Structure formats: structure tokens, C-alpha cells
Amino acid sequence: MIPAILVLHFSVLCGCATISAKGDENSLRMSAERYWNLRMEDKYNDTYKMEDSHALPPFEQYRDMAMAMKKIRITSISVKSAKVSGDKGVVELEWIYLLPSVPKPFHQIINDEWSFKDGKWVHTFRQS
């Protein structure tokens with residue numbers, strides 16, 4: 001079983017945006033893939049700019065929260081589906097990761113919320 005704090009960190013730190021002419025499922029999927037590729041490369045400056053600015057903490061706090069996840073070795077993140085309803089979207093992500101001193105990888109499905117604003121998808125940042 002995955003500790004609740006890990007799920008909370010995953011939920012808080014998901015996010016993305018890519019400029020697109022329309023807010024369809026394909027552009028949402030591409031935005032999520034781009035964001036998670038950048039996150040896997042530790043490019044927090046880039047991902048911070050891709051978050052919805054509503055309720056977004058200062059960069060230093062955002063970066064510290066993202067770096068706290070380094071205790072978990074994420075081996076893979078993949079987009080399983082993308083669904084759009086109006087200017088809102090939900091991306092289903094599959095995470096595969098390792099925890100310290102646990103030899104077996106964990107698989108987890110996470111729903112990531114998005115909004116289409118000013119011609120781009122942005123992640124709906126949630127800080128719990």
C-alpha cells in the first residue's frame with residue numbers, strides 16, 4: 001500500500017501547458033507528455049511556467065515540493081487517457097516507481113486535472 005503522503009505529493013505536483021490552437025484530447029495528451037518529460041529531467045523552471053497561476057505557491061516552495069519527490073525513484077510515467085469537457089480536462093497517468101528498501105516496483109494510476117486557458121492547457125495546481 002502506498003503511503004497517503006506520496007499520493008498527496010503526486011497530486012500536488014502534477015502539471016503542464018502547451019500552446020495549442022484548440023483544447024482537444026490530442027493537445028491535452030501532448031501537453032501532459034511534454035510536462036512529464038520535463039519533470040523527469042528536473043526542469044522545474046519550465047514546469048512552473050506551465051502551471052495554472054491560480055493558487056500557485058512561490059517558485060522556491062514549488063521546487064522544494066518537487067524535489068521532495070526525489071526520495072521516490074520514478075522509473076516511468078505514461079499518459080493512459082485524456083478526456084476533455086469544455087475548457088476542463090483530465091489526464092489519467094500511470095506512474096511506476098520504487099521506494100527505498102522495497103525491491104518491487106509500484107504501479108499507480110493518477111488523475112491529473114487541467115484547464116484550457118488563453119490557447120493552452122495548464123495544470124490545475126492543488127495544494128492540500
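Where a number appears in this text, it was derived from the coordinates with a stated rule and is not lab data. Everything quoted here is computed from the prediction, not taken from an experiment. A quick note on method: Cβ atoms are made from the backbone with ideal geometry, for glycine too, and the neighbour counts reach across all protein chains shown.
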Determine if the range 95-108 includes at least one residue that is closer than 16 Å to residue 24 by Cα, assigned to a strand (DSSP E or B) and not charged (D, E, K, R). no
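Results for (1) surrounded by fewer than 17 Cβ atoms within 10 Å (Cβ to Cβ); (2) within 18 Å of residue 120 (Cα to Cα), shown as yes or no for each residue.
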site: 34; (1), (2): no, yes
site: 40; (1), (2): yes, no
site: 43; (1), (2): yes, no
site: 53; (1), (2): yes, yes
site: 69; (1), (2): yes, no
site: 73; (1), (2): yes, no
site: 76; (1), (2): yes, no
Is there any pair linking a residue in the range 67-81 that is part of a strand (DSSP E or B) to one that is surrounded by fewer than 12 Cβ atoms within 10 Å (Cβ to Cβ) and of a type outside the set (Asp, Glu), with Cβ under 8 Å and at least six apart or on different chains, and which? 80/109
Restricting the search to the range 29-50, which residues are assigned to a helix (DSSP H, G or I), within 12 Å of the chain's Cα centre (by Cα) and not charged (D, E, K, R)? 31, 32, 35, 36, 37, 38, 40, 44, 47, 48
